[in-house]
Amino acid sequence: MSDLESRTRFEPAEVESRITERWLSSGLFHPDPEGSPDENYSIAIPPPNVTGALHMGHALNGTIQDCLIRLARMDGRRTKWILGTDHAGIATQKQVEQLLASEGTSREQLGREAFNARVWEWREEYGQTIVGQLKRLGASCDYEDERFTLDDGYADAVLRVFVALYEKDLIYRDNRMVNWDPGLGSAISDLEVEDREVTDTLYSIAYPLEDGGEIVVATVRPETMLADTAIAVNPGDERYRDLIGRTAILPLVGRRLPVIGDEYVKTDFGTGALKITPGHDPNDFEIGRSHGLSEITVIGEDGRMTEDAGPRFAGLTVDEARERVVEALDAEGAIRAREAYTHVVPFSHRSGARVEPLISLQWFMRMEPLAAPAIEAVRDGRVRFVPERWERVYLQWMREIRPWCVSRQLWWGHQIPVWYRGETETYCGIEPPEGDGWVRDPDVLDTWFSSALWPFATLGWPEETPELRAFYPTHALSTARDIIFLWVARMIMMGLEFRGEVPFRDVYIHSVIQAPDGRRMSKSLGTGIDPLDVIDAHGADATRFGLLAMSSTQDVRYSAEKVEQGQRLANKLFNASRFALLRLADGVEASPGTGATRSVEDRWILSRLQRAKRATRDAIEAYEFHRAALGLYDFVFEELCDRYIELVKPRLDDEDVQATLLHVLRETLAMAHPVIPFVTEEIWSYLPDSEGLLAAAPYPPADDALLDEAAEAAIERQFEAVGKVRAWRQAVGVAPGPKLRAYVSGDFEGILDGIALLARLELATGDEEPAAVVPVSGGSIAILHSDAVDLDAHARRADEQRATLEGEIRRAEGKLANEGFVAKAPAPVVQSERDKLARLRRELEEL
């Protein structure tokens with residue numbers, strides 16, 4: 001205890017690294033792979049990118065998962081928080097390419113093998129950044145079993161899944177529409193696409209009809225008209241119904257275009273006639289396939305016009321081609337109108353380039369056969385979304401699912417296990433084919449393909465490892481809403497396909513922490529807040545508490561006040577614990593005592609403790625983490641510290657009181673540990689009867705036998721009385737420090753001493769005339785005259801306040817009686833004056 005005596009405050013910077021080392025060296029986070037998933041508990045961390053650093057989303061989600069993991073561990077379950085990082089194909093390759101450029105070289109100069117070797121070197125140097133940052137947060141992951149989506153075992157699992165799906169004809173190669181990033185020279189996933197609002201020119205262009213007349217179409221991309229293969233109108237549009245089946249002539253090119261009818265066409269957009277360009281628009285692509293139209297590509301993968309655009313335009317950039325096409329159309333007199341048009345355009349999140357929808361020869365996965373069982377798993381309750389509304393979003397997307405482009409034109413990643421020989425031979429397998437002349441497909445798999453295997457590949461699949469048997473399926477997944485489709489849905493599909501079981505039971509969609517002004521957090525916008533800076537300033541416990549406390553809805557603004565509230569909680573708990581522990585007699589053991597030894601305040605705190613334990617557990621298990629954090633704060637501050645400890649201070653020499661206080665403190669630390677693990681673990685180490693780590697101690701169950709409604713009602717009466725006396729002091733200007741002599745009348749058995757203690761009263765007897773009587777529930781408290789009570793001074797102050805209020809009321813009434821003011825002043829000004837008058841009248845009445 002001598003060490004505790006010298007520590008007058010909780011110092012997170014000194015404590016956290018020391019506590020983290022104790023946790024890690026204990027082996028507690030690395031469970032033995034025994035038992036079944038029903039007996040055990042596991043969560044697979046959403047693998048952060050190997051390029052990443054901890055941001056607010058990571059910090060919130062890490063805290064949420066750690067709460068769940070620590071509670072399960074304290075319940076005595078073998079608990080595994082599966083840890084690892086994602087190779088992040090595009091992001092990592094881009095980082096290393098930038099590094100090479102700074103060295104005056106490039107990946108093309110190095111070649112594929114040497115380039116990938118450089119990426120591995122880069123990963124060894126920088127890839128552990130975020131893992132170390134998770135430790136600072138207090139995340140109790142299994143750091144001894146860290147996985148990486150490109151480690152040997154994981155890579156083997158990825159290739160086996162590809163081959164198995166290929167052999168089932170679920171993976172195939174085809175020319176289909178993809179999101180093409182000209183800056184990267186690769187297809188990209190929907191996640192790498194960000195929509196931006198752009199104002200373009202909407203051109204109305206006349207296409208002559210073969211047998212006379214014209215049809216006018218509207219487009220913001222005249223350069224793509226060079227790839228038009230039809231014009232579509234809505235068959236219900238009376239303006240164009242008779243044109244269906246006729247032929248139009250493509251300006252500048254002369255290509256014959258059929259006029260077709262399709263329900264997709266919106267009659268109220270542009271002219272109501274739509275140019276169909278299957279090679280450069282995803283909707284046109286689907287229309288083209290359904291009508292058997294040819295597919296022409298005039299924009300290449302390098303972002304320049306192809307030879308199919310014609311000699312006038314081939315080789316131009318898209319912007320240059322647009323300008324030249326418009327000039328040519330003007331020369332032919334084909335443009336009927338121009339107008340500004342604001343619309344949403346896709347851009348690459350990675351390169352910043354405008355995404356080109358292109359038909360490209362890529363590898364695709366058929367999703368419908370995999371989606372059907374994944375839909376059923378959610379509908380029958382095997383997978384549950386929290387909040388429930390995300391279930392509807394998931395099901396709608398799954399029912400409309402389209403083929404998934406799984407290939408990427410990168411070098412860093414899982415290279416597709418397919419080889420070609422000549423134009424006709426294709427081989428797919430784990431091992432290379434035998435014989436000469438085989439060339440491997442250069443593309444790699446989409447990062448989300450390998451991530452979809454995360455819950456079971458991290459546990460050793462395809463081998464039937466002890467870890468896989470013990471910890472799959474996992475119990476919960478906590479993630480952000482923007483990857484429900486890209487990751488969550490695909491994990492469910494892959495888990496069912498390759499393990500025959502869903503990968504998790506609950507999917508918790510956590511809050512998105514916005515900047516304090518409501519904008520998204522972003523380094524580029526200058527709105528980002530580094531959680532490590534917050535940890536440095538306030539401590540990990542405060543950061544964890546603040547993030548949980550502010551996560552009450554799906555979109556929440558970052559609140560520095562909530563973090564500061566968490567810091568106050570950690571300090572309060574440390575200081576209160578220090579106060580209590582330094583006053584314990586030798587040999588005192590924690591005990592709730594017996595009925596004979598318990599005072600009403602003892603019975604009250606024990607009862608409130610049971611309710612707090614149950615409420616905290618229920619909130620965590622219901623994923624209502626804000627309720628767990630704020631309820632914990634209220635219990636520690638208001639009930640344990642401000643009420644109970646203050647009430648028992650005069651009796652702290654009594655070993656029965658010490659035993660009860662030690663019991664309450666011990667269980668409070670255990671209850672709070674999943675939320676604020678560092679300060680609770682530190683205090684736990686000073687408890688006289690503690691053994692081992694708090695992280696391994698049992699979570700205290702609620703004991704209904706200790707619930708005591710009578711004691712709770714009595715203490716509520718006690719604090720109501722204290723509050724009324726304090727309010728009277730403030731109202732009449734009596735300082736809070738001096739003790740006031742008072743008579744008490746009424747039934748206050750068991751709580752009178754506490755009222756006197758906290759209200760600063762000296763209980764008197766006799767029939768002296770009181771200076772004032774404060775009515776309280778069940779009786780009254782008569783305050784006697786003393787030097788501290790100067791009611792005449794209070795009366796003088798009240799008269800002065802009354803006179804001031806009456807004067808202000810007269811002025812406001814006069815202003816509102818002025819018809820000119822009421823008629824001419826803006827309505828908000830008049831209403832403000834009325835509100836002011838009502839407020840002044842209330843204040844006068846209260847006075």
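The values are calculated or read from the model by the stated rules, or taken from the named source; none is laboratory data. No experiment lies behind these values; they were computed from the predicted model shown. Here the Cβ positions follow ideal geometry from the backbone for every residue, glycine too, while neighbour counts run over all protein chains shown. Heads up: the accessible areas ignore ligands, DNA and RNA and are worked out on the full protein's heavy atoms, side chains in. Shrake-Rupley method; radii C 1.70, N 1.55, O 1.52, S 1.80 Å.
Need the failing condition index for ILE359 against (1) out of contact with any Ser or Thr (no Cβ under 8 Å at 6 or more places or on another chain); (2) over 21 Å from THR92 (Cα atoms), just the number.
(1)
In the stretch 679-709, how many are in a helix (DSSP H, G or I), touching a residue at least 24 places away in the same chain (Cβ under 8 Å) and among the small types (Gly, Ala, Ser)?
2
Kindly check whether there is at least one residue in the stretch 439-457 that is surrounded by fewer than 20 Cβ atoms within 10 Å (Cβ to Cβ) and out of contact with any strand residue (DSSP E or B) (no Cβ under 8 Å at 6 or more places or on another chain).
no
Which residue is farthest from PRO258 (Cα to Cα), if the candidates are limited to the stretch 175-215 and must be of a type in the set (Val, Ile, Thr) and open to solvent by 30 Å² or more (accessible area, probe 1.4 Å)?
VAL193
Here are the criteria: (1) charged (D, E, K, R); (2) crowded, with 17+ Cβ neighbours inside 10 Å; (3) under 24 Å from ALA628 (Cβ atoms). Tell me which single one ASP704 does not satisfy.
(2)
Which of the numbered conditions does VAL488 fail, given that it passes all the others? Conditions: (1) open to solvent by 40 Å² or more (accessible area, probe 1.4 Å); (2) among the β-branched types (Val, Ile, Thr); (3) more than 25 Å from ALA13 (Cβ to Cβ).
It is condition (1) that VAL488 fails.
Which one of the conditions (1) hydrophobic (A, V, I, L, M, F, W, C); (2) touching a His at 6+ places or on another chain (Cβ under 8 Å); (3) assigned to a helix (DSSP H, G or I) does ILE645 fail to meet, given that it meets all the rest?
(2)
Among the residues of the stretch 266-278, are any surrounded by fewer than 16 Cβ atoms within 10 Å (Cβ to Cβ) and under 21 Å from ILE359 (Cβ atoms)?
Within the stretch 266-278 (the criterion being surrounded by fewer than 16 Cβ atoms within 10 Å (Cβ to Cβ) and under 21 Å from ILE359 (Cβ atoms)), the answer is no, since none of the residues qualifies.
Within the stretch 89-106, is even one residue within 23 Å of the chain's Cα centre (by Cα) and within 19 Å of TYR41 (Cα to Cα)?
no
Which of the residues spanning the stretch 302-321 are open to solvent by less than 40 Å² (accessible area, probe 1.4 Å), closer than 13 Å to LEU252 by Cα and of a type outside the set (A, V, I, L, M, F, W, C)?
GLY310, the sole residue that qualifies.
Among (1) more than 24 Å from ALA670 (Cβ to Cβ); (2) of a type outside the set (D, E, K, R); (3) open to solvent by 10 Å² or more (accessible area, probe 1.4 Å); (4) touching a residue at least 40 places away in the same chain (Cβ under 8 Å), there is one condition SER6 misses while meeting the rest; what is its number?
For SER6, the exception is condition (4).
Take the stretch 604-636 and flag every residue that is more than 23 Å from GLY593 (Cα to Cα), open to solvent by less than 40 Å² (accessible area, probe 1.4 Å) and part of a helix (DSSP H, G or I).
Within the stretch 604-636, THR616, ALA619, ILE620, PHE625, ALA628, ALA629, GLY631, LEU632, TYR633 meet the criteria.
Filter the stretch 216-249 down to the residues that are of a type in the set (Asp, Glu) and over 45 Å from the mean Cα position of the chain (by Cα), then identify the one that is surrounded by the most Cβ atoms within 10 Å (Cβ to Cβ). Don't jump to the end; show me each part of the working.
Quick first cut of the stretch 216-249, residues of a type in the set (Asp, Glu) only: 223, 228, 237-238, 242.
After this cut, where a residue has to be over 45 Å from the mean Cα position of the chain (by Cα) as well, the list is 237-238, 242.
On the way: ASP237: 17, GLU238: 8, ASP242: 9.
Among them, the one singled out is ASP237.
Can you list the helices (runs of 4 or more DSSP H) lying wholly within the stretch 41-136 that have 3 or more residues being modelled with pLDDT under 95 and open to solvent by 60 Å² or more (accessible area, probe 1.4 Å)?
89-102, 112-126
Test ILE45 against the criterion of being of a type in the set (A, V, I, L, M), touching a strand residue (DSSP E or B) at 6+ places or on another chain (Cβ under 9 Å) and touching a residue at least 12 places away in the same chain (Cβ under 8 Å), and give yes or no. Break it down into steps so the answer makes sense when it comes.
Working: of a type in the set (A, V, I, L, M): yes; touching a strand residue (DSSP E or B) at 6+ places or on another chain (Cβ under 9 Å): yes; touching a residue at least 12 places away in the same chain (Cβ under 8 Å): yes.
Judged against the criteria, ILE45 is a match.
Where residues in the stretch 358-379 are farther than 30 Å from GLY183 by Cβ and more than 26 Å from the chain's Cα centre (by Cα), which of them is least open to solvent (accessible area, probe 1.4 Å)?
LEU370
Would you check which residues across the stretch 539-558 are surrounded by fewer than 20 Cβ atoms within 10 Å (Cβ to Cβ) and out of contact with any strand residue (DSSP E or B) (no Cβ under 9 Å at 6 or more places or on another chain) and list them?
Matches in the stretch 539-558: SER552, THR553.
With the checklist (1) open to solvent by 50 Å² or more (accessible area, probe 1.4 Å); (2) out of contact with any Leu (no Cβ under 9 Å at 6 or more places or on another chain) in hand, flag the one item VAL657 doesn't pass.
(1)
So, in the stretch 9-40, how many residues would count as being touching a Gly at 6+ places or on another chain (Cβ under 9 Å) and either open to solvent by less than 40 Å² (accessible area, probe 1.4 Å) or under 15 Å from ALA540 (Cβ atoms) (or both)?
Residues in the stretch 9-40 being touching a Gly at 6+ places or on another chain (Cβ under 9 Å) and either open to solvent by less than 40 Å² (accessible area, probe 1.4 Å) or under 15 Å from ALA540 (Cβ atoms) (or both): 9 in total.
Sort out which residues of the stretch 710-743 are at pLDDT below 90, open to solvent by 40 Å² or more (accessible area, probe 1.4 Å) and aliphatic (A, V, I, L, M), and write them in order of number.
Across the stretch 710-743, the qualifying residues are ALA727, ALA731, ALA735.
Which of the following residues is without any contact (Cβ under 8 Å) to a residue 40 or more places away in the chain, open to solvent by less than 40 Å² (accessible area, probe 1.4 Å) and either more than 26 Å from GLN362 (Cβ to Cβ) or assigned to a loop (DSSP other than H, G, I, E, B) (or both): LEU395, LEU410, LEU477?
Going through LEU395, LEU410, LEU477 in turn, the sole match is LEU395.
Search the stretch 596-640 for residues being in contact with a Phe, Trp or Tyr (Cβ under 9 Å, 6 or more places away or on another chain) and of a type in the set (Val, Ile, Thr), and hand back the single one that is farthest from PHE748 (Cα to Cα).
THR616
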